[in-house]
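Nothing in this text is a laboratory measurement; each read-out follows from the coordinates by a stated rule. Since the structure is predicted, the reported quantities are computational estimates derived from the model, not experimental observations. Heads up, the Cβs are rebuilt from the backbone with ideal geometry, glycines too, and the neighbour counts pull from every protein chain shown.
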Amino acid sequence: MAKKAIIGGLLVATFLGAYVLDTASGAGVFRDIQPHFAGTCTAIEGVAGIEDIVLDSAGIAYLIGDERRLWAATGHGPGGRIYLYRAGSYAPPVALPYAINWPFHPHGASLYESPDESPDRLFVVNHPNEADGRLEAGSVTSQIEIFDITETGLQYRKSFMPNENFSMNDVAATGPESFYASVDRGSTSNLGRMAETWLRLARAGVAAPVGDKAHQVLDGLTYANGVALSGDGKTLFVSETTGHRLIAYAVGADGGLAEIASVKLESGLDNITVAADGSLWIAAHPKLFAFLAHAKDGSKRSPSEIYRVPFDGEKFGAPESLYLNDGDPISGASVAVPYGDGGFLIGSVFDPRILDCQRDQ
């Protein structure tokens with residue numbers, strides 16, 4: 001019995017050691033950060049926690065902001081703000097008025113540009129509960145809000161709540177009231193969500209409207225984060241944070257999703273933007289433990305990385321790391337949005353600024 005117990009203990013220790021090593025490696029603990037960027041960036045101050053940015057065809061950016069660190073730490077906060085900023089102008093962003101009668105803590109967003117005279121629409125993932133991770137009976141921890149964009153601000157139109165309390169992260173509009181949303185954790189309990197995160201369980205996926213609720217229509221992903229639609233609407237892209245994959249799905253006539261390509265990247269992937277040339281721009285966290293520390297303490301800086309990944313409609317090209325820093329001048333970058341000839345914007349989950357960058361030509 002003693003011999004079996006020793007052997008069993010050694011097997012458990014070996015398994016735990018391998019798990020810890022694999023987790024540390026996947027979180028970028030052993031990665032050497034060598035900052036690089038061929039260009040210049042200008043900090044645009046005075047906007048907090050611009051987790052996502054969407055750009056319209058006229059070059060107007062919608063900045064999706066919130067005091068996320070304060071909200072997560074205390075359960076309270078001033079509520080989210082959405083700002084207008086003209087890419088490349090370096091002018092102060094302007095807050096857009098909105099009016100809803102429940103807490104508004106915006107996360108991922110998507111723009112639907114109307115093909116007729118109807119107003120364009122902004123789709124926003126909202127976390128209306130008191131603070132991230134605090135689940136109470138009957139609470140909804142994420143829902144999709146739809147706003148008309150008018151001359152006087154954002155006019156609320158509709159909400160889609162999940163049919164079960166899974167956690168949505170980002171959204172890609174497919175029509176005036178249709179969308180795909182990433183489900184970063186499919187579990188509906190605190191314990192289940194913790195297990196998904198730390199054990200990297202493949203319970204995440206994609207949600208879409210079914211009737212008046214959002215239902216999870218795809219599973220098997222590991223912390224799905226960014227989601228974006230190709231310009232022709234035929235391909236949906238999803239990024240995995242702890243799974244480190246970028247995945248392309250063919251969108252069927254019935255809205256069904258069939259995987260057609262995937263590629264591994266070295267960082268924890270966040271939001272995706274589809275550029276005019278069809279390539280994908282992805283913000284990423286090369287050191288996930290550093291990002292977790294930064295989430296609690298702004299003085300602990302987290303490296304930021306921006307990738308460009310070509311896509312030809314069937315397969316991905318080689319990922320290119322365009323930008324990498326050591327946590328300054330922006331920490332924990334979550335979105336990169338290209339514009340014009342060599343310009344791009346960077347937003348982050350917590351920092352009180354965005355970067356407006358120009359690549360050297």
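What the table shows:
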{"read-out": "Test item: Cα-centred dipole of the range 31-359, Lys/Arg +1 and Asp/Glu -1 on Cβ, debye", "value": "840"}
{"read-out": "Among (1) 31, 24, 21; (2) 44, 20, 18; (3) 28, 25, 19, the entry derived from the coordinates for semi-axes √(5λ) of the Cα gyration tensor in Å", "value": "(1)"}
{"read-out": "Low-density loop positions, trypsin sites (Lys or Arg not before Pro), the range 199-268 - DSSP coil, at most 14 other Cβ in 10 Å", "value": "K234"}
{"read-out": "Extreme residue, positive dipole direction of the range 31-359, given options A91, L122, P78 (C-beta unit charges)", "value": "P78"}
{"read-out": "The chain: relative contact order as a whole-number percent, Cα under 8 Å and 6+ apart", "value": "16"}
{"read-out": "Fewest-first ranking of H285, H294, using other Cβ atoms within 10 Å as the exposure measure", "value": "H294, H285"}
{"read-out": "T40, T152 arranged by Cβ crowding within 10 Å, fewest neighbours leading", "value": "T152, T40"}
